[in-house]
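Before any comments, here is the structure.
The values are calculated or read from the model by the stated rules, or taken from the named source; none is laboratory data. Since the structure is predicted, the reported quantities are computational estimates derived from the model, not experimental observations. No Cβ is skipped: glycine too gets one built from the backbone with ideal geometry, and neighbour counts run over all protein chains shown.
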Ligand code: URA
């Protein structure tokens with residue numbers, strides 16, 4: 001099989017992570033969850049960390065939040081999951097799905113950044129607080145930052161509620177859908193140049 005340049009670079013990066021013990025999460029993981037989807041995707045979705053099903057299957061977003069994400073992609077954006085790329089801030093599952101620690105984020109973030117450098121997408125949709133904080137450096141919560149795209153270097157970061165939020169709190173179901181509608185509007189319209197929201201580098 002002949003791999004494209006991006007595929008080959010992603011494969012080599014994922015191979016460089018095999019057996020990773022840079023932080024303590026290796027002890028509890030079944031698999032490293034590197035990311036999946038099209039290396040040529042113009043849009044990348046970034047979640048927090050693998051959960052139970054992702055750890056077992058070595059694929060991001062394959063549990064209930066993932067099923068909901070698939071639905072939102074198809075129904076609202078009109079794209080199958082294979083047309084985008086999906087990854088997480090952390091590549092290994094934290095025990096009991098606890099929040100990532102600052103050390104774990106600092107340790108794993110360079111690999112997410114390398115994935116983005118290889119793919120050069122136009123838009124990175126950050127799902128929830130951790131991904132948004134990691135990619136923008138902003139400390140405000142997702143409720144404040146959602147639906148406000150931030151230009152970071154050559155790409156836009158589009159903060160959104162995490163789809164799992166709707167599974168934990170039924171009242172957020174419509175809000176999560178609304179975030180995807182706003183993303184669709186953003187993708188369909190000319191890119192705003194808002195110097196206020198421009199950062200030179202990915203945080
Ligand atoms: N939640 C995440 O943030 N990532 C996954 O891969 C699955 C659920």
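Of all the residues that make up the range 22-40, how many are within 19 Å of the chain's Cα centre (by Cα) and either modelled with pLDDT under 95 or more than 16 Å from the ligand (Cβ to nearest atom) (or both)?
Counting residues in the range 22-40 that are within 19 Å of the chain's Cα centre (by Cα) and either modelled with pLDDT under 95 or more than 16 Å from the ligand (Cβ to nearest atom) (or both) gives 3.
Before we move on, is residue 19 within 20 Å of the chain's Cα centre (by Cα) and without any contact (Cβ under 8 Å) to a residue 60 or more places away in the chain?
Values: within 20 Å of the chain's Cα centre (by Cα): no; without any contact (Cβ under 8 Å) to a residue 60 or more places away in the chain: yes.
In short, no.
Does residue 46 satisfy being away from the ligand (no atom under 12 Å from the Cβ), outside any helix (DSSP H, G or I), under 12 Å from the mean Cα position of the chain (by Cα) and buried (at least 18 other Cβ atoms within 10 Å of the Cβ)?
Values: away from the ligand (no atom under 12 Å from the Cβ): no; outside any helix (DSSP H, G or I): yes; under 12 Å from the mean Cα position of the chain (by Cα): yes; buried (at least 18 other Cβ atoms within 10 Å of the Cβ): yes.
So residue 46 fails the test.
Give 72, 112 a once-over and let me know the one that is within 14 Å of the ligand (Cβ to nearest atom), in contact with a strand residue (DSSP E or B) (Cβ under 7 Å, 6 or more places away or on another chain), closer than 25 Å to residue 148 by Cα and in contact (Cβ under 8 Å) with a residue 24 or more places away in the chain. Break it down stepwise before answering.
Working: 72 fails: in contact with a strand residue (DSSP E or B) (Cβ under 7 Å, 6 or more places away or on another chain).
Residue meeting the stated conditions: 112.
For residue 148, indicate whether it is farther than 18 Å from residue 41 by Cβ and either away from the ligand (no atom under 16 Å from the Cβ) or surrounded by fewer than 21 Cβ atoms within 10 Å (Cβ to Cβ) (or both).
On the way: farther than 18 Å from residue 41 by Cβ: yes; either away from the ligand (no atom under 16 Å from the Cβ) or surrounded by fewer than 21 Cβ atoms within 10 Å (Cβ to Cβ) (or both): yes.
For residue 148, the condition - farther than 18 Å from residue 41 by Cβ and either away from the ligand (no atom under 16 Å from the Cβ) or surrounded by fewer than 21 Cβ atoms within 10 Å (Cβ to Cβ) (or both) - is met.
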